[in-house]
Amino acid sequence: MKNNKLVMIMLIMLVAIALVGTVAIIIVKQLNDNSGSKEPTIDEVLAASVDVPQITTNLASNDFIRISFKIQTDSKKAKEELEKRDFQVKDIIIQELSEMKAEDVQGKDGQQKLKEDLKTKINKILQKGVVKQVYITENLLQ
């Protein structure tokens, strides 16, 4: 009688330990799946992107630049808002470029800084989403 009770307690403890282990494994797998957010497909990127047509403007160093961009947002609603605010985006781009010299725009570091500055300033005017990335699609400095 005493042995049956001991065996029953051991079985219950074994089942409880197995159940806790199974739950822990499931939770760890779900956390790993959610934390590694997937990169969007090219179709998703294009669906949430806005083309800024070619802009020709002068720089602070009296040089001219002809440049165009593709701006990637986080959603279609943000894309729609950005399309409506195209005049504000162009204004931001022209203002940023007018403060830069030719040396500031040349090279990888200069272009990266320009893209980050534009991203920050455009995000300030958006209300329905955020800009995820700014791409320079054309750049001619004269």
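See the values below:
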read-out: Debye log10 I(q)/I(0) for the stretch 7-142, one point scatterer per Cα, at q = 0.21 Å⁻¹; value: -1.19
read-out: Two-site label geometry, residue 133 and residue 113: point separation in nm, points 7 Å out along Cα→Cβ; value: 2.3
read-out: Label-point gap, in nm, between residue 17 and residue 99 - each point 7 angstrom along Cα→Cβ; value: 6.5
read-out: Ranked by how many other beta carbons lie within 10 Å on average, peptides 18-27, 98-107 from highest; value: 98-107, 18-27
read-out: Whole-angstrom gap from the stretch 87-142 to the stretch 1-72, using each part's C-alpha centre; value: 29
read-out: Cα gyration tensor of the stretch 60-136 - equivalent ellipsoid semi-axes, whole Å, descending; value: 24, 12, 9
read-out: Fully extended contour minus Cα-Cα distance, from residue 77 to residue 51, at 0.36 nm per residue; value: 7.8 nm
read-out: Net +/- balance of residues flanking residue 120 in space, Cβ distance below 13 Å, scoring K and R +1, D and E -1; value: +3
read-out: Over 18 Å (Cα to Cα) - which of 79/113; 38/119; 38/79; 76/121; 70/90 fall in this group; value: 79/113; 38/119; 38/79; 76/121
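A short reminder: the numbers here are calculations on the coordinates, not readings from a lab. These numbers were taken from a predicted model, which means no experiment stands behind them. Here Cβ is always computed from backbone atoms with ideal geometry, including for glycine, and neighbour counts include all displayed protein chains.
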